[in-house]
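These notes are about the structure you will find just below.
What follows is calculated from the coordinates using simple rules that are stated; it is not laboratory data. If you're wondering where the values come from, they're calculated on a predicted model, not measured in any experiment. With ideal geometry, Cβ positions are generated from the backbone for all residues, glycine too; neighbour counts draw on all protein chains shown.
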Amino acid sequence: MLLSNLHTHTTFSDGKNTVEENILTAIDKGFVSLGISDHSYTDFDLTYCMTREAEYLAEVKAMAEKYRDRLEVYRGIELDGYSEMPEREAYDYIIGSCHYIRTPDGYFSIDHCREGHMELFERYFDLDPYSFARAYFDTYVERTLAHRPDILGHFDLVAKFGMMPETDEKYLSLAREALEVCLKAVPIIEINVGTMARGIRSCPYPAPYFMKDIKAFGGRVTFSTDCHQRDNLDYAVKEIEELFRENGFKSAVILKNGKFEETEI
Ligand SMILES: [Zn+2]
Ligand SMILES: [Zn+2]
């Protein structure tokens, strides 16, 4: 599989490295392409989103130009479900992710930390995993259909802190239903190892038991590490390649020559 990663963060949002540092590491590791995808602006939470979007776009463009002979660099964005849709032409691609659930008291992050996640789960869902999962997947479907991104981001993020009954058929069918609708609208889904790299979870998003569903629903997969630290640009790539193969995928999606292409695995 040719090496590529379209979900990477830099110091423009909550990543540890600059755009250039990510590019240099990708070159060292033999990548064919790299996408930078910092967090979209969310006016209700400024803790990790981009606040200098114009500067970001200019910097990624300048760096792409500087390294054009050594690596294909693309301008992406991780668009939160509750951010405004950016100008389509400004970006080569958009990853659609949902980090928040809307409550009567505002937007709550399910992603930021275990304490916040638990507070949301307890206060608004009475620790009922099904209503929590339903609220999350309903949000995911609604925002996916509203934004129509190019790639579905960390699909089952609601399972991040292990609060979902992940082997339970009721939970699985809720998730599968959402997955089918989303893949019909947006057929490319990332297999995201970011939380594995940070030692919080032992499997990617979506969890491996969804791989057969993705295949059955006609989905196309792309490897991503949701990279916040450049050493993780290719984290667990071999394992994920194996997971693709085991589930009948013969290729994965990368961006090459300005288009989504299949790379053999
Ligand atoms: Zn995210
Ligand atoms: Zn991310």
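In segment 88-107, what residues are in contact (Cβ under 8 Å) with a residue 60 or more places away in the chain and more than 12 Å from ligand 2 (Cβ to nearest atom)?
The initial filter retains those residues of segment 88-107 that are in contact (Cβ under 8 Å) with a residue 60 or more places away in the chain, namely 92-93, 95-97, 106-107.
Within segment 88-107, ASP92, TYR93, GLY106, TYR107 meet the criteria.
Confirm whether ASN17 is closer than 17 Å to ASP226 by Cα, of a type in the set (S, T, N, Q), assigned to a loop (DSSP other than H, G, I, E, B) and away from ligand 1 (no atom under 14 Å from the Cβ). Working first, answer last.
Details: closer than 17 Å to ASP226 by Cα: yes; of a type in the set (S, T, N, Q): yes; assigned to a loop (DSSP other than H, G, I, E, B): yes; away from ligand 1 (no atom under 14 Å from the Cβ): yes.
Against the criterion (closer than 17 Å to ASP226 by Cα, of a type in the set (S, T, N, Q), assigned to a loop (DSSP other than H, G, I, E, B) and away from ligand 1 (no atom under 14 Å from the Cβ)), ASN17 qualifies.
With (1) out of contact with any strand residue (DSSP E or B) (no Cβ under 6 Å at 6 or more places or on another chain); (2) touching a residue at least 24 places away in the same chain (Cβ under 8 Å) as the list, and SER173 as the residue in question, which single condition is left unmet?
Going through the list (1) out of contact with any strand residue (DSSP E or B) (no Cβ under 6 Å at 6 or more places or on another chain); (2) touching a residue at least 24 places away in the same chain (Cβ under 8 Å), SER173 breaks only (2).
Mind checking which pairs have a first residue in segment 37-65 that is away from ligand 1 (no atom under 16 Å from the Cβ) and a second that is of a type in the set (Lys, Arg), Cβ under 8 Å, 6 or more apart or different chains?
LEU57/ARG75; VAL60/ARG75; LYS61/ARG75; ALA64/ARG75
Consider GLU55 against the criteria (1) within 14 Å of ligand 2 (Cβ to nearest atom); (2) in contact with a Phe, Trp or Tyr (Cβ under 8 Å, 6 or more places away or on another chain): it satisfies all of them except one. Which criterion is unmet?
Against the list (1) within 14 Å of ligand 2 (Cβ to nearest atom); (2) in contact with a Phe, Trp or Tyr (Cβ under 8 Å, 6 or more places away or on another chain), GLU55 comes up short only on (1).
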